[in-house]
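Just so you know, all these numbers are worked out from the coordinates, no wet-lab data involved. Because the structure is predicted, anything quoted here is derived from the model rather than measured. All Cβ positions, even for glycine, are placed from backbone atoms using ideal geometry, and neighbour counts span all protein chains on display.
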Amino acid sequence: MMTSFPAPEWFLALGRMMAAEGEVFRRLGYAEVRFVVRVLDDGGKVAAATAIEIDGYALTNAFQLDGKPFDADFAICAPRAVWAEMLEEIAREGRATLRHTLSSLALVGESLWLESDDQLREDKFYRYNQTLQELFNLSARLPH
């Protein structure tokens with residue numbers, strides 16, 4: 001049985017698909033990024049936080065934070081409903097349409113936002129955005 005978003009196992013499954021689709025990610029370029037995916041409940045409190053590391057062309061680690069230290073470049077934060085809407089669209093369409101990409105949702109800034117203590121490290125979101133989006137788009141292949 002597949003564990004669902006945002007469990008580390010969900011991201012590790014995407015990482016295995018990322019490795020299988022190596023050429024797609026090599027064309028996008030080398031990525032070195034450490035980030036957190038935060039899911040907020042209806043009250044705005046963090047319901048889940050998963051740390052993810054991408055090194056080169058591979059997702060190398062994913063784990064539940066649960067108070068563990070993690071030196072992230074940035075955190076991608078959104079309410080559960082926003083994440084669900086994006087992932088449902090990916091499942092339905094095979095990829096996020098322009099309105100529901102990580103980048104467009106972050107640019108609007110109301111439904112999905114970034115948090116970082118360092119603007120230069122936060123910039124990695126924009127630098128590696130297509131790699132991150134392609135990673136999330138792989139979720140279309142996961143059992144639903």
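List of remarks:
- Residue-count net charge about ARG80 - beta-carbon cut-off 13 Å; Lys, Arg +1, Asp, Glu -1: -2
- Between the beta carbons of THR60 and ASN129, assuming R0 = 22 Å, the FRET efficiency works out to 0.70 to the nearest 0.05.
- Mean Cα-pair separation over length for segment 1-66, i.e. relative contact order, pairs under 8 Å, 6 or more apart, %: 35 percent
- Dipole magnitude for segment 65-144: about 340 debye, using +1 per Lys or Arg Cβ and -1 per Asp or Glu Cβ, origin at the Cα centre.
- Dividing the summed -39500 (n - 2.57) terms of all DSSP H runs of n ≥ 4 by the residue count of the chain sets its mean residue ellipticity at 222 nm at -12000 deg cm²/dmol.
- Counting beta carbons within 10 Å around each of HIS144, HIS100 and listing the fewest first gives the order HIS144, HIS100.
- Per residue, the convex hull spanned by the Cα atoms of segment 38-96 amounts to 102 cubic angstrom.
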